[in-house]
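One structure is given here, and the rest of the page talks about it.
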There are 2 protein chains.
Amino acid sequence: MGHTPTTARGRATRKRILDAAADLIQRRGVAAVTLDDVERAAGAGRSQLYHYFDDRDDLIRSVVHSTVDTVLAAQEPLLLKVDSLAGIDRWFDAIVANGTRQDAVGGCAIGSLASQLSGRDDLARQAFVDAFARWEAPLIAGLQRMQESGELCPDADVTELADLTMAAIQGGLLLAQVRRTPDQLRLALRGARAALEDALTPLP
Amino acid sequence: MGHTPTTARGRATRKRILDAAADLIQRRGVAAVTLDDVERAAGAGRSQLYHYFDDRDDLIRSVVHSTVDTVLAAQEPLLLKVDSLAGIDRWFDAIVANGTRQDAVGGCAIGSLASQLSGRDDLARQAFVDAFARWEAPLIAGLQRMQESGELCPDADVTELADLTMAAIQGGLLLAQVRRTPDQLRLALRGARAALEDALTPLP
DNA sequence: CCTGTTTTGTACTTCACAGTACAGAGATTC
DNA sequence: GAATCTCTGTACTGTGAAGTACAAAACAGG
């Protein structure tokens, strides 16, 4: 995976390359980004690229990892507080708000990459399996807490509920990207919410 | 858009090219398919390609159109009979069965293409907007019939329900592709079903 | 400072792939 | 059966983009 930089300057350069590549890929798609583009955007030369990354594929995979980290880091604050229906609603609202931002009408950064790469590069696919698992973990944990507190029905399958929610998010973001209307995301989440509500403990 | 063939032989050739390209793209992704690949798979020469299509982009767009037609044609029989919850269940089952086929673990043919192309080629994006609209139309019509027959609550928004269902399908197929388990699709649809059930007229 | 290591600049090579040229085969019409 | 379309085979060109070579610059430690 190339050389890991040891000096501060090196780390900064590697990061500049990675950020530039991530940005370009996000906007144009993996296939439409050339190494020359990345160099220009990062203000770096060819030798830097090949110093820090083995080849183009290595760079792409590194972008995948860093993108996943970024997305998850952004979600975590609210995702960790998911332990009630109200908490879930707050999380959903944040996702919608984030998907509505002007520069982010491009669907889910992860989901978009996933469907571009999963079919081709099995190594990348594995990275997305991990990514979705990491993303889902705090949600599953939250649902379990809801179950322990009695808010959620004891015989509900929290993993299935979480899977279903992730699917709604991804599908909503895809339609939002195609139709260029963030509404689609809001609606999609409504479906997941209906399933979650169904799993609540019925009022006594 | 190239020459439309006038003879039977010409039509056959054009179709062979289109089918070969669709198949390759489906399996490897748009970017990884070269014209040489298509030629070889179709048993055609370079001149045929450029006789029936303007250039590579034109070929890709044609593939998009034909893929959409194929998918919709496969859905239609069951989709037209959606006018009860049981009918919807039958449609869902068919989708799951289709997504489980060995050669189709590659997510939704349309959705997959959509997220590859929507970000880049606005002309293609438009094609997907149309595709999803055509796909959704019979569902909306069916839900309306359910509303008229009284099965569905009169104040339910059928368009929103349909949107939400489409999102569940797409999200489910994406996760199924990444995780290589068709279960994801089944679960995702359960979310949509919950929302649909919520919209049923409560029993008197 | 001197020495080795990390980082960077530039110019080059190589090759795959989109697109072109052009002639030849096959069909169709009168 | 000649004239004129539609269709096909093959070989070529040009270019863009990945990857390489190699030396100079910046930096670190002693």
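The values are calculated or read from the model by the stated rules, or taken from the named source; none is laboratory data. Note that the structure is a prediction, hence the values are computed from the model and not measured. A quick note on method: Cβ atoms are made from the backbone with ideal geometry, for glycine too, and the neighbour counts reach across all protein chains shown. To get the accessible areas, we keep the full protein, side chains included, count just its heavy atoms, and leave off ligands, DNA and RNA. Shrake-Rupley method; radii C 1.70, N 1.55, O 1.52, S 1.80 Å.
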Put +1 on the Cβ of each Lys and Arg and -1 on the Cβ of each Asp and Glu in the range B:1-54; which of B:THR7, B:TYR50, B:LEU24 then has its Cα farthest toward the positive end of the dipole? B:THR7
With the Cα gyration tensor of the range B:1-74 giving a ≥ b ≥ c as the square roots of its eigenvalues, does the rule (a/c under 1.5 for rounded; else a/b larger than b/c for prolate; else oblate) give rounded, prolate or oblate? oblate
What residues have an amide H closer than 5 Å to that of A:GLY107, excluding those fewer than 5 places away on the same chain, when H is modeled at 1.01 Å from N in the peptide plane? A:GLN177
With eigenvalues of the C-alpha gyration tensor scaled by 5 and rooted, chain B, Å: 37, 18, 14
Hey, got the average number of other protein chain Cβ atoms within 10 angstrom for residues in A:124-134? 2
What residues have an amide H closer than 5 Å to that of A:ALA31, excluding those fewer than 5 places away on the same chain, when H is modeled at 1.01 Å from N in the peptide plane? none
For A:LEU152, list long-range residues whose amide hydrogen, built 1.01 Å from N in the peptide plane, is under 5 Å from its own amide hydrogen. A:GLN147, A:THR201
With just the Cα atoms defining each centre, how far is the range A:1-37 from the range B:82-142? Give it in Å. 35
Residue mean of other protein chain beta carbons inside 10 Å, A:155-163: 3
Which angle from 0 to 90°, rounded to the nearest 10, does the C-alpha axis of helix B:122-148 make with the longest principal axis of chain B? 30
Straight-line reach from B:LYS81: which aspartates and glutamates fall under 13 Å, measuring Cα to Cα and dropping same-chain residues less than 8 apart? B:ASP89
Counting only other residues whose beta carbon sits under 11 Å from that of B:ASP183, what net charge do I get with K and R as +1, D and E as -1? +2
Straight-distance crosslink candidates among aspartates and glutamates, where the alpha carbon sits under 13 Å from B:LYS15 and sequence neighbours closer than 8 are dropped: B:ASP23, B:GLU39
Whether the protein assembly as shown is rounded, prolate or oblate, judged on the alpha carbon gyration tensor where a/c under 1.5 counts as rounded: oblate
By the scheme Lys and Arg +1, Asp and Glu -1, what is the net charge of all other residues having a beta-carbon under 11 Å from that of B:VAL63? -3
If one compares the long axis through the Cα atoms of helix B:183-198 with the longest principal axis of the Cα atoms of chain B, the angle in degrees, nearest 10, works out at 40
Here, A:TYR50 and B:GLU197, labelled 7 Å along Cα→Cβ, have an inter-label distance in nm of 6.0
In square angstrom to the nearest 100, the accessible surface buried at the A/B interface, both sides summed with a 1.4 Å probe, amounts to 3300
Most mobile of A:ALA141, A:ALA12, A:ALA176 per a Gaussian network model of chain A (Cα springs, under 10 Å)? A:ALA12
Degrees, to the nearest 10: A:158-179 long Cα axis against longest axis of chain A: 60
Relative contact order (%) - the range A:61-198, alpha-carbon pairs under 8 angstrom, separation at least six: 27
Shielding of B:177-185 by partner chains, average beta-carbon count, 10 Å: 5
What's the ranking of B:41-48, B:25-32 by average number of surrounding C-beta atoms within 10 Å, highest first? B:25-32, B:41-48
How large is ³J(HN,Hα) for each residue in the range B:48-62, as worked out from phi by the Karplus curve 6.51 cos²θ - 1.76 cosθ + 1.60 (θ = phi - 60°), to whole Hz, x for Gly and Pro? 4, 3, 7, 7, 9, 9, 5, 6, 4, 4, 4, 4, 4, 4, 5
When the helix-only estimate is applied to chain B (DSSP H runs of n ≥ 4, each -39,500 (n - 2.57), divided by the residue count), what is the mean residue ellipticity at 222 nm, nearest 500 deg cm²/dmol? -24500 deg cm²/dmol
Tell me the carbon and sulfur percent of the accessible area for the protein assembly as shown, rounded to whole percent, probe radius 1.4 Å. 53
